[in-house]
Amino acid sequence: MSVVEEDYTQDGTVDLKGRPILRSNTGRWKACSFIVGYEMIERMAYYGIASNLVLYLTKKLHEGTVKSSNHVTNWVGTVWMMPAAGAYIADAYLGRYWTFVIASAIYLLGMCLLTLAVSLPALRPPPCASGIADKDCQHASSFQVGIFFFALYIIAAGTGGTKPNISTMGADQFDEFEPKERTQKLSFYNWWVFNILIGTISAQTLLVYIQDRVGFGLGYGIPTIGLALSILVFLFGTPLYRHRLPSGSPLTRMVQVLVAAMRKWKVKIPDNLNELNELSMEEYYASIGRSRICHSSSLSFLDKAAVKTGQTSPWMLCTVTQVEETKQMMKMIPILITTCIPSTTIAQTSTLFIRQGTTLDRSMGPHFEIPPACLIAFVNIFMLISVVIYDRLFVPTIRRYTNNPRGISLLQRLGIGLSLHVIIMLTACLVERKRLSVARENNLLDQNDTIPLTIFILIPQFALTGIADTFVDVAKLEFFYDQAPEAMKSLGTSYFTTTLSIGSFLSTFLLSTVADLTRRHGHKGWILDNLNVSRLDYYYAFLATLSAINFLCFVVVAKLYVYNDDVTQTKMHLDMNPASSKGNAGTCQSTPQPDVKS
């Protein structure tokens, strides 16, 4: 009888009980369909809240322009900051699957409470009587405001465990050591974004319309029920998922390297790199469950942490792989910093851009008006179209000239997106100047006056944002996942969400600061509750200038960045050269990725 060797995955993934897992029965797009199914509905729930939140705060809780906008950006900033904690818990203790399951239950609890907060009369202020200005309406009590924001921040806590782990878990379903799956993974994030955009557009059209015309109770109730069903869909796919075991705290390992390097700052790095501390390949796979990383020349001062001095404390002696993991996470920080500003400009789409829409003609026939928040759907509609064009036309065409499997490198893709953000804010500035000129020409300077311009004049700035997101957001997500070490993928993905968080908090700071500074010394101010006498065009020009400066900084950082070696090529080399896997740091050679040049 012939013995058929089972085709197990080679990338270290296991089943839920930690056992080796067969490639043929698990993973790939079959498993991803359940993960994407959850994420489509989760995006509908999240954007069902975020898209119309600024108008709920102004129309229902009767807050001013700056206060309501800052509440939105502070909440969004918290939503995108929490994944750093979720990634830490997943990588260090629970793993991605169980972290996600627990966090999704918290998320659902927050959605239920929020639905009650906007539905029960005792938990919301009474509606404003006809003919009464918003500023003269009865404001929400401290208790009502507290319940509303308590629910919002429970949702933020829940997203902390879902956002960094769901996309990373999806990427884990493809084994990079199998050529076909490796090819599929190159397109994963493009199609991941494509599918979740369907849920996002549904929220920004159907749900926003229900919230505007029927009520927020039903508008929040529908995605709450949908979220509950999507969690069940995710759980149903459990037998198909590939998992990565938690490998200890990534932040602790990084801090150990930094501390050890600083404590041994006077120690000389040996010329023979084989003398640096390292485990053999067999020890890594057997005791740690991850691949060894070859020594690199970047951030060489950290190599001191791996110099043997006779002390074996983990705070005095680290392995070369541990040092290289730290290097890979640290060298991405300049990219993280220079990709925060785009998130600041994007924050305007759900705050000031929507507030502009409330001053324009929204009629689409004698009996129908388009809710201003529906305009955000154009961001995702154009992103949806752009992702398909990029993946199916642009990449195959440009690949012929660059020989890069991605068409262009991830940093080149980011650079194109950052330049588009300058154009977005310049476009928004010109449109706002037109809106203000029509308001002055027609003497429509009251807060409740409607400018005789169609709301669709705002579409170009929303459409350009969608095209820019195809380059920036998809490339950021893929870059931080791809360039993070094997044992820190969730932490790498949290770098992406951190850029969104910092950008949102920065938007809050800039809006408050500019509004305050421009009101001093007797000036009216750029940003007032009455947008018809504000100068948002000046503020948009300021953001365009900031984006241009940030783009120049990014170009410098990208030129200096060196991509990581390809872990699959490294492992194949070590498999073919057993002598190089016996704990020697210097003999480990590897092949660079196609994306070597930035």
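The values are calculated or read from the model by the stated rules, or taken from the named source; none is laboratory data. On a predicted model such as this, the values are computed, not experimentally measured, just so you know. We place every Cβ from the backbone using ideal geometry, glycine too, and count neighbours over all the protein chains shown. Please note that ligands, DNA and RNA were not included when accessible areas were found on the heavy atoms of the full protein model with its side chains. Shrake-Rupley method; radii C 1.70, N 1.55, O 1.52, S 1.80 Å.
Annotations for the structure displayed:
- 3J(HN,Hα) along region 352-360, derived from phi through the Karplus expression 6.51 cos²θ - 1.76 cosθ + 1.60 where θ = phi - 60°, amounts to 5, 4, 5, 4, 4, x, 5, 9, 9 Hz, with x in place of Gly and Pro.
- With a simple spin-label model that places each label point 7 Å from the Cα along the Cα-to-Cβ direction, the separation between residue 446 and residue 15 comes to 7.1 nm.
- Between residue 139 and residue 454, the FRET efficiency estimated from the beta carbon spacing at R0 = 35 angstrom works out to 0.60.
- Amide H contacts under 5 Å for residue 267, placed H, 5+ residues apart: none
- Average Cα contact separation per residue, region 1-81, under 8 Å, 6 or more apart, as relative contact order %: 16
- Near-label residues of region 101-126 by backbone N, under 18 Å of a point 7 Å along Cα→Cβ of residue 235: 101-112
- Length-normalised contact order of the chain in % [C-alpha pairs under 8 Å, at least 6 apart]: 21
- Computed packing ranks the peptides 177-184, 36-43 as 36-43, 177-184, most packed first, by mean other Cβ atoms within 10 Å.
- Tensor-based shape of the chain (alpha-carbon gyration tensor, a/c under 1.5 rounded, otherwise prolate or oblate): prolate
- Remark on residue 453: its backbone amide H falls under 5 Å from those of 361, a criterion applied only to residues 5 or more positions apart or on other chains, H modelled at 1.01 Å from N.
- Sorting 156-168, 190-202 by their mean Cβ neighbour count within 10 Å, with the most densely packed peptide first, gives 156-168, 190-202.
- The chain, helix-only ellipticity at 222 nm - DSSP H runs n ≥ 4, -39,500 (n - 2.57), divided by all residues, nearest 500: -19000 deg cm²/dmol
- Relative contact order of region 58-217, defined on C-alpha pairs under 8 angstrom at six or more residues apart (%): 31
- Annotation: amide H of residue 369 within the under-5 Å range of 364, sequence separation 5 or more or interchain, hydrogens built in the peptide plane.
- Length released on extending from residue 438 to residue 119, taking residue separation times 0.36 nm less the Cα-Cα span: 110.9 nm
- Accessible area expressed per residue, the chain, with surrounding protein chains retained (probe 1.4 Å, Å²): 41
- Region 174-278 - percent of accessible surface contributed by carbon and sulfur, probe 1.4 Å: 68
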